Amino acid sequence: MGHIVNNGVNVDALLAAREALKNAPAAGEFTWRASCKWLNGTHARSTVQGFRGLGEEQTHKSEFSFDTDHPQVFASEDNGATPVEVVLVGLASCLTAGIAAVAQNRGIQLRSVEARLEGKMNIAGILGIDGDVRNGYDNIKVTFHVDADASKKDIEALVAQSQKRSAVFDIITNPTNVTVEVV
Amino acid sequence: MSRVLTEHAIDHVVLERGEVANSWRQERWDSLRLLTPNWLSRLPGYAYAGPDPDGFMNLPEVVNFIAGYADETSAPVRTHTTVTSVRSVEGGYQLATEQGQISCRSLVLATGANNSPRVPDLHRAVPQTVQCLTAFSYRNTDQLPSGGVLIVGAAATGVQLADEIHRSGRPVTLCVGEHVRLPRTYRGRDILWWMENSGVWNQRYDQIEDLERARRLPSPQLVGTPEHSTLEVNSLSGGGIEIVGKLAAVRDGRALFSGGLANQLALADLKMERLLDTFDAWARDSHIDSEVGPVERFAPTRAPPSTRLSLDLRSGEIRTIVWATGYRPDYRWLNLPVLTPKEELRHDGGVVTESPGMYALGLPVLRRRKSTFINGAEADARDLAQHLAGYLAVAPPVPFP
């Protein structure tokens with residue numbers, strides 16, 4: 001009995017960082033960044049490379065690029081996923097990464113984790129047809145299928161804990177200040 | 001502590017800013033009852049001796065219980081003696097009080113962690129037309145105008161007040177964030193019988209994996225009623241109280257609630273189940289399964305598929321907000337570098353190691369999970385009095401001017 005649980009998450013490093021940051025709160029201040037360039041129509045290209053954290057400028061090992069657009073049913077050219085779909089990607093990926101980290105910390109071996117997301121919205125909002133309809137999602141439903149070496153209750157607890165500590169879950173479910181300026 | 005110090009023949013005084021049991025007399029709402037059953041009201045050499053051991057004392061009964069203990073133990077209490085500052089001097093401490101200066105070699109802070117209500121900064125954005133009360137200023141429903149009440153916080157205070165205010169006929173909206181769900185009774189016994197006897201309550205602070213988290217846990221959703229009723233989100237929502245997510249912001253006169261309520265409800269249900277599993281395992285291992293009722297599990301908390309995300313505080317729908325958002329200690333009079341950046345006392349199991357001869361009692365999970373309950377005081381007091389006596393035995397006495 002007893003085998004090494006490996007979900008590929010370096011939990012020791014995370015726990016060590018947690019301890020270190022308790023005594024150096026300023027180092028925990030991170031600034032994440034994205035840049036976006038309009039291409040044509042509703043097609044834009046966003047890139048992510050540099051961010052700030054642990055007291056200094058950091059950089060991803062390469063520049064990541066995301067093309068976004070609107071689909072043909074919006075009379076557009078469909079050169080990329082819509083921005084609202086990218087938000088679902090953000091939520092799904094944050095929760096999924098969280099599940100892996102919590103599972104590692106709790107000694108649960110994951111075999112597979114898959115999520116399907118659905119965000120419902122009525123476009124009367126974004127088209128300005130109906131002032132009572134919001135621009136954003138009315139609700140987002142996330143369905144996880146987790147195959148792991150654990151009871152159903154333990155898996156539910158895993159998914160619950162991932163939400164509890166998820167940055168994107170917090171960003172979406174709670175108000176966030178956004179300021180936009182033109183320079 | 002006084003009673004235990006007397007046993008050690010350690011000369012001491014007890015300073016009280018008001019009358020004995022001041023907080024119970026001045027800072028609690030009228031209908032409050034203990035959420036611990038009376039048989040748990042035990043102090044060194046003293047216990048509840050009334051006719052209803054399984055019941056829950058009301059406010060006047062609690063005041064009598066504590067004042068009775070002070071009398072019976074002849075505690076050397078100086079009432080109406082507010083401490084306005086504490087300084088460290090050679091050999092001990094110098095206290096300034098409204099009755100004059102007091103010097104001592106050793107000091108025990110028994111002021112608790114609930115000296116003032118904790119109200120989030122966003123309360124400043126609430127429109128002036130809405131009356132705001134806290135757990136300290138709320139006394140009974142007569143203070144409230146008719147109309148809707150928004151209760152922020154769903155720990156013990158929040159759920160108790162939500163229930164009471166809703167029964168007064170007012171529409172209640174309750175903001176629920178992180179909370180601890182517990183049934184009042186389990187397998188025929190009070191839930192706190194399980195806490196006490198299974199050893200969960202006795203778990204020591206130095207055996208708890210995430211002590212800071214344990215010390216920050218909200219008080220459980222429990223109430224003491226003659227019916228031994230369970231107070232939980234399901235019964236509140238079933239009775240017509242609107243449950244919304246945690247109050248996240250007040251913007252342009254609108255209260256904004258979290259859309260993450262469902263997970264908070266799921267987390268509390270899961271935590272309760274883990275605790276009941278622990279109790280069942282203990283009952284099995286202690287061979288007492290036949291002495292208690294059969295294993296039970298409780299209905300999961302119903303989370304509506306979508307909950308209200310905002311409420312216009314200018315519309316008149318809400319006439320009052322009750323902030324049941326917790327309490328904090330007040331150490332403004334303690335002029336010593338023994339506080340954390342968040343102004344909480346730094347201590348190791350009640351020993352203020354940075355200030356020799358100083359101790360604290362009655363703080364959350366001070367030494368055990370039961371430290372903040374009446375029945376938790378004795379064990380902590382005995383441990384700390386032992387340490388204090390040892391300190392006095394070796395610390396050089398300094399004659400005071």
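The values are calculated or read from the model by the stated rules, or taken from the named source; none is laboratory data. Remember, it's a predicted structure, so these values are computed and weren't measured experimentally. So basically every Cβ, Gly included, is an ideal-geometry build from the backbone, and we count neighbours across all protein chains shown.
Scanning the range A:7-17 for residues that are closer than 19 Å to A:Gln58 by Cα and either under 19 Å from the mean Cα position of the chain (by Cα) or charged (D, E, K, R) (or both) gives a single hit, A:Leu14.
Does the range B:261-276 contain any residue that is over 20 Å from the mean Cα position of the chain (by Cα), polar (S, T, N, Q) and within 14 Å of another protein chain (Cβ to nearest Cβ)? Yes, the conditions are met somewhere in the range B:261-276. Looking only at the range B:167-182, residues that are surrounded by fewer than 20 Cβ atoms within 10 Å (Cβ to Cβ) and of a type outside the set (A, V, I, L, M) come to 6 in all. Does the range A:130-157 hold any residues that are within 10 Å of another protein chain (Cβ to nearest Cβ) and not in a strand (DSSP E or B), and which are they? A:Arg134, A:Tyr137, A:Asp138, A:Lys153, A:Asp154, A:Glu156, A:Ala157 - these are the residues of the range A:130-157 that are within 10 Å of another protein chain (Cβ to nearest Cβ) and not in a strand (DSSP E or B).
Among the residues of the range A:158-183 satisfying the criterion of being of a type in the set (Val, Ile, Thr) and part of a helix (DSSP H, G or I), which is surrounded by the fewest Cβ atoms within 10 Å (Cβ to Cβ)?
Start the filter on the range A:158-183 by keeping residues that are of a type in the set (Val, Ile, Thr), which leaves A:159, A:168, A:171-173, A:176, A:178-180, A:182-183.
Of the ones still in play, those that are also part of a helix (DSSP H, G or I) are A:159, A:168, A:171-173.
Values: A:Val159: 22, A:Val168: 19, A:Ile171: 14, A:Ile172: 20, A:Thr173: 23.
The extreme case among them is A:Ile171.
Within the range B:230-246, one or more residues are surrounded by fewer than 20 Cβ atoms within 10 Å (Cβ to Cβ), acidic (Asp, Glu) and either part of a strand (DSSP E or B) or modelled with pLDDT of 95 or more (or both).
Would you pick out the residues in the range B:129-174 that are touching a His at 6+ places or on another chain (Cβ under 7 Å) and under 19 Å from B:Arg118 (Cβ atoms)? Explain how you work it out, then say what you get.
Of the range B:129-174, the ones touching a His at 6+ places or on another chain (Cβ under 7 Å) are B:132, B:154-155, B:172.
The answer is B:Cys132, B:Ala154, B:Ala155.
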